[in-house]
Amino acid sequence: MKRYQNILLLVAVAALVALPLWLVKRPAAGMNGTQAEIFVGADDKATDLIGRIDPHYKPWAKPLLQPPSGEISSLLFALQAALGAGFIGYYLGVSTTRAAMRREVDTESRC
Amino acid sequence: MHIMEGFLPVKHAIGWSIVAAPFVGYGLHSINKRVKENPEQRMLLGVAAAFTFVLSALKLPSVTGSCSHPTGTGLGAILFGPAAMAPIGAVVLLFQAMLLAHGGLTTLGANIFSMAVVGPCAAAVIFRCAKSIRLPFSLSIFCAASLADLITYVTTSAQLALAFPDPSGGFAASFVKFAGVFALTQLPLAVIEGLLTVVVMNSLIRFNARELQEMKVTTAQVVQA
């Protein structure tokens with residue numbers, strides 16, 4: 001059981017990610033025929049909410065660099081994830097090898 | 001949970017920056033001290049930072065029909081204590097504010113406070129409580145990481161409600177609205193973060209049992225189980 005725990009957990013994660021894509025249906029198109037958007041960022045929704053609570057609020061600063069398009073923005077997000085995942089993978093690789101070598105030394109010293 | 005650039009009134013922006021700064025300063029001091037005393041823990045500290053990098057880059061769909069991302073701060077808080085996560089979270093938030101127009105410099109203090117201070121503190125406290133009532137190790141990790149994720153988003157909702165109280169209902173009404181956006185969306189994502197933290201912790205226990213015991217995260221019983 002313990003051996004398969006991680007695989008089962010990862011399957012559960014995949015299911016939790018996929019489930020909303022299947023459950024949430026796109027709302028019907030609006031009066032003027034524009035398609036309603038789904039799966040927008042919660043951050044943007046909060047920004048809209050600020051506009052509704054205080055319509056006179058004007059943001060007083062702008063981001064330094066705005067990624068020129070959605071593609072560039074997803075490139076940078078992918079880069080961020082790749083850097084992190086790369087390091088974790090490297091560390092686990094080092095650890096696995098080290099653990100295997102320790103075991104080898106242990107068995108040799110026992111002989 | 002990123003409050004967008006310019007979307008906190010000047011007073012709030014300055015206030016949260018002043019509140020967050022000492023945590024980051026103390027965190028840097030505690031990381032320096034730890035690395036000096038235990039240089040071999042440097043790599044593991046890198047793993048904690050990398051985990052936050054990965055998780056906060058993954059925007060995942062939620063049952064509410066909007067997308068949000070986990071924070072990944074629970075793992076590091078359990079391994080190194082909450083103080084270490086303040087500067088690590090600050091680096092991630094700074095990266096996203098400078099290059100991705102996600103979050104912002106004026107809201108950096110508020111974002112650091114929710115993601116890199118409150119979240120990790122919650123994770124550490126919950127982990128300790130779960131251990132003291134002898135919950136199984138994996139379950140303790142899961143509870144600490146997922147609740148820390150959720151509490152981070154509740155904090156953001158409170159910060160926004162403080163800055164933008166509802167004209168008729170005040171702070172409470174506004175808080176309910178913001179929590180409806182953030183906390184509800186976050187529920188399934190918090191579960192995902194909890195599960196992923198257990199996965200990484202399982203791997204660490206399997207291959208780095210000695211280090212984790214030295215750091216007093218696990219006991220010999222957990223490793224043998």
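The values are calculated or read from the model by the stated rules, or taken from the named source; none is laboratory data. Please read all numbers here as calculations on a predicted model, not as lab measurements. So basically every Cβ, Gly included, is an ideal-geometry build from the backbone, and we count neighbours across all protein chains shown. Ligands, DNA and RNA are excluded from the accessible area calculation, which covers all protein heavy atoms including side chains. Shrake-Rupley method; radii C 1.70, N 1.55, O 1.52, S 1.80 Å.
Here are some notes:
- Taken about its Cα centre, the protein assembly as shown carries a charge dipole of roughly 700 debye when the Cβ of each Lys and Arg holds +1 and the Cβ of each Asp and Glu holds -1.
- Ordering of A:95-105, A:78-88, B:195-205 by packing [mean C-beta count within 10 Å, highest first]: B:195-205, A:78-88, A:95-105
- In sequence order, calculated HN-Hα J values of segment A:37-42 (Karplus, 6.51, -1.76, 1.60; Hz; x Gly/Pro): 8, 10, 6, 7, x, 4
- Interface burial in segment A:55-71, defined as at least 20 Å² less accessible area with all protein chains than with the chain alone at a 1.4 Å probe, covers A:TYR57, A:PRO59, A:TRP60, A:ALA61, A:PRO63, A:LEU64, A:LEU65, A:PRO67.
- Toward the positive end of the charge dipole of the protein assembly as shown, with +1 on the Cβ of Lys and Arg and -1 on the Cβ of Asp and Glu, the farthest Cα among A:VAL24, B:CYS129, A:LEU76 is that of B:CYS129.
- Global form of segment B:1-114, assessed from the alpha-carbon gyration tensor, a/c cut-off 1.5: oblate
- Radius 15 Å from Cβ of B:LEU45, net charge of other residues (Lys, Arg +1; Asp, Glu -1): 0
- Over 25 Å [Cα-Cα, chain A], rounded percent: 59
- Taking every C-alpha pair closer than 8 Å and separated by at least 6 residues, the mean separation divided by the residue count of chain B gives a relative contact order of 24 percent.
- Alpha-carbon radius of gyration plus Dmax, which is the widest Cα pair, for chain B in Å: 17.5, 58
- The alpha carbon centroids of segment B:8-26 and segment B:105-179 are separated by 17 Å.
- If R0 is 51 Å, the Cβ-Cβ spacing of A:LEU83 and B:SER168 corresponds to a FRET efficiency of close to 0.65.
- Where segment A:38-110 is the region considered: accessible area per residue in Å², 1.4 Å probe: 66
- Peptide B:106-112 has a mean of 1 when you count, residue by residue, the C-beta atoms of other protein chains within 10 Å of its C-beta.
- Cα centroid of segment A:67-85 to Cα centroid of segment B:46-92, whole Å: 16
- Under the membrane-span-like helix rule (DSSP H runs whose alpha carbons stretch at least 30 Å along the helix axis, mean Kyte-Doolittle hydropathy 0.5 or higher), chain B yields B:137-163, B:170-207.
- Partner lysines whose Cα lies under 21 Å from the Cα of B:LYS59, excluding those fewer than 8 positions away in the same chain, are identified as A:LYS25, A:LYS45.
- Those trypsin sites (Lys or Arg not before Pro) in segment B:135-225 that DSSP places in a loop and that have at most 13 other beta carbons within 10 Å: B:LYS216
- Charge tally in the Cβ shell below 12 Å around A:GLY41, where Lys, Arg are +1 and Asp, Glu are -1, A:GLY41 excluded: -2
- Projecting the Cα atoms of A:TYR90, A:ALA61, A:LEU49 onto the charge dipole of segment A:38-110 (Cβ charges, centred on the Cα centre) puts A:TYR90 farthest toward the positive pole.
- Neighbours of B:SER174 by Cβ distance under 13 Å: Lys/Arg scored +1, Asp/Glu scored -1, total 0.
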